[in-house]
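Undergrad: There's a structure below that I have some questions on.
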Amino acid sequence: MNEGPVISVLGLGLLGASFCMELEGKYRRAGWSRNPENRRKAMEKGVVEFTVDTPEEAFAAGDIIVLCLPIPVIMEYIRKYASYMKPGAVLTDIGSVKGVIEQAALENPGVHFIGSHPMAGTEKNGFDNAFKGLYHNADVFVVPPPGAEEADIVKVEEMWQKIGTRTTRIDSKNHDELVAGTSHVPHILASATTLGVLDVPEEERITRFSGCATGFRDSSRVASSSPVMWREIVEQNTTAVLTALTELRKHLDEFENMVRNGDFDGFEKKFAKGKELRDQWIRWKKY
């Protein structure tokens, strides 16, 4: 068994369990889930080396503690259990919004906290949907609060880099503004697209189903994500989400006006710019 540092992961759902799978052979892995069945399965399948029964034990066990939990629970647990951390341990999380989590950590001035956010996931959730490879080629934002120690930042960066991700440092305000546009609003748009097409009387729905193929599937995929989770994310990032929605609406209005006015040269030019930008991104991501 690897006798190196212990990574203590709280939350063994899709993200937490997949993360533990990537850590195999790189760190010792401790796991906690509020669901005892998930703890049992994590041991059975070798997802972790050992489990603990309480959040207090999970905070006490790790050299790095990783909170893979819903945003309100991350904030609650930082406030309730950070005092159980051993000297020199570093606390991080994988929450999609960083400002409110960072604020909760700063209420505990002795806690060594470095936020992080892997840009990875699927529309599914839960331990049974976890898989090795979820974080392949992912970008991870490492979000140190003001005054964070360089050694703590490096520990968190090295942890993510060891599982093959790219890390970028960013502050919490810029992070939340960025992901509002790159992640939060696209999920809202996918739901709106789905509702715009399929929210019809039941007797008409099968015909709509028949008319939806791979384009609809791909553009609406994340509409199958957890409504509770996305309510929590958007609720904690409302200002940035509203700004990003305004920017999106500007482009939709431009497309609408071009169609209404018969300006299909303008439509083609604008569509071509979107294609060019997406193709650049695909090449950069090496998908």
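Undergrad: Residue pairs, Cβ under 6 Å, 6 or more apart or interchain, first in region 126-151 and over 17 Å from Gly11 (Cβ atoms), second charged (D, E, K, R) and at pLDDT 95 or above. List them.
TA: Asp139/Arg166; Val142/Glu157; Val142/Arg169; Val143/Lys98; Pro145/Glu102
Undergrad: Tell me, yes or no, whether region 89-96 has at least one residue that is farther than 23 Å from Gly164 by Cβ and in a helix (DSSP H, G or I).
TA: no
Listed here are the residues, each with its yes/no results for (1) under 30 Å from Ser219 (Cα atoms); (2) aromatic (Phe, Trp, Tyr); (3) touching a strand residue (DSSP E or B) at 6+ places or on another chain (Cβ under 7 Å).
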residue: Ala42; (1), (2), (3): no, no, yes
residue: Thr54; (1), (2), (3): no, no, no
residue: Ala61; (1), (2), (3): no, no, yes
residue: Leu69; (1), (2), (3): yes, no, yes
residue: Glu76; (1), (2), (3): no, no, no
residue: Ser83; (1), (2), (3): no, no, no
residue: Ile114; (1), (2), (3): no, no, yes
residue: His117; (1), (2), (3): yes, no, yes
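Undergrad: Same structure again: Which residue is surrounded by the fewest Cβ atoms within 10 Å (Cβ to Cβ), if the candidates are limited to region 24-39 and must be touching an Asp or Glu at 6+ places or on another chain (Cβ under 9 Å) and among the small types (Gly, Ala, Ser)?
TA: Ala30
Undergrad: Shifting gears a bit: Scan region 74-105 for residues that are aliphatic (A, V, I, L, M), more than 19 Å from Glu157 (Cα to Cα) and in contact (Cβ under 8 Å) with a residue 40 or more places away in the chain and report the count.
TA: Of the residues in that region, 1 qualify.
Undergrad: Here is a follow-up. With the requirement that a residue be more than 24 Å from Glu158 (Cβ to Cβ), out of contact with any Gly (no Cβ under 9 Å at 6 or more places or on another chain) and part of a helix (DSSP H, G or I), what does region 24-59 give you?
TA: Listed by number, the residues that qualify are Pro36, Glu37, Arg40, Lys41, Glu44, Pro55, Glu56, Glu57.
Undergrad: Does Leu91 meet the test of being at pLDDT 95 or above and in contact with a strand residue (DSSP E or B) (Cβ under 6 Å, 6 or more places away or on another chain)?
TA: yes
Undergrad: Name the residue that is surrounded by the fewest Cβ atoms within 10 Å (Cβ to Cβ), counting only residues in region 3-23 that are in a loop (DSSP other than H, G, I, E, B) and in contact (Cβ under 8 Å) with a residue 40 or more places away in the chain.
TA: Top of the filtered list is Pro5.
Undergrad: When you scan region 131-139, do you find a residue that is under 21 Å from Glu24 (Cα atoms) and not in a loop (DSSP other than H, G, I, E, B), even just one?
TA: yes
Undergrad: When you check Ile65 against the structure, is it crowded, with 22+ Cβ neighbours inside 10 Å and in contact with a Gly (Cβ under 6 Å, 6 or more places away or on another chain), yes or no?
TA: Taking the combined requirement at face value, the residue does not satisfy it.
The values are calculated or read from the model by the stated rules, or taken from the named source; none is laboratory data. Predicted, not measured: the structure shown is a model, and the values here were computed from it. Ideal geometry is used to build each Cβ from the backbone, glycine not excepted, and the neighbour counts take in all protein chains shown.
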